[in-house]
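Single-structure report; data block below.
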Amino acid sequence: MIIECPGNTRLQDYLLKQGIHLLTACAGRGNCGKCAVRVLKGSAAINTMDRVWFTEEQLSQGYRLGCQVYPGEPLTVDLLRDF
Ligand code: FES
């Protein structure tokens, strides 16, 4: 499922407002990796927990932990599963 997320909004909060629930087995602490998404357009910072879960190649392809994405600009994101 591909979605457009506005900037300056926590991705997970935006999705909840749309009625979309990421898999968040660790309650968004970055410990489970279940919330993986892929940023297709726009920029999302890479944080420490992203580096735990993804290879450098995956990071360069836009993979991020959805629970950790706080975009400063609008993003196009593939949620990597259907809801
Ligand atoms: S919810 Fe567990 S890593 Fe994101």
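The values are calculated or read from the model by the stated rules, or taken from the named source; none is laboratory data. Bear in mind that the values here come from a model prediction, so they are computed numbers and not experimental data. All Cβ positions, even for glycine, are placed from backbone atoms using ideal geometry, and neighbour counts span all protein chains on display. The area values use the complete protein model at the heavy-atom level, side chains included, leaving out ligands, DNA and RNA. Shrake-Rupley method; radii C 1.70, N 1.55, O 1.52, S 1.80 Å.
For the reader, a short list of remarks on this structure follows.
- Every pair of residues 6+ apart whose Cβ atoms lie under 7 Å, when the first sits in the range 50-79 and is free of Cβ contacts under 8 Å to residues at least 40 places away in the same chain while the second is open to solvent by 20 Å² or more (accessible area, probe 1.4 Å) and β-branched (Val, Ile, Thr): Leu59/Ile46
- Per-region count, the range 8-46, residues touching a helix residue (DSSP H, G or I) at 6+ places or on another chain (Cβ under 8 Å), within 13 Å of Arg64 (Cβ to Cβ) and touching a residue at least 60 places away in the same chain (Cβ under 8 Å): 1
- Residue satisfying condition, being part of a strand (DSSP E or B), open to solvent by 80 Å² or more (accessible area, probe 1.4 Å) and either modelled with pLDDT under 95 or among the aliphatic types (A, V, I, L, M) (or both), within set Leu40, Leu16: Leu40
- Only one entry in Asp13, Asp50 is in contact with a strand residue (DSSP E or B) (Cβ under 9 Å, 6 or more places away or on another chain) and within 14 Å of the ligand (Cβ to nearest atom), namely Asp50.
- Residue under evaluation Arg64, criteria (1) assigned to a loop (DSSP other than H, G, I, E, B); (2) at pLDDT 95 or above; (3) of a type outside the set (A, V, I, L, M), criterion not met: (1)
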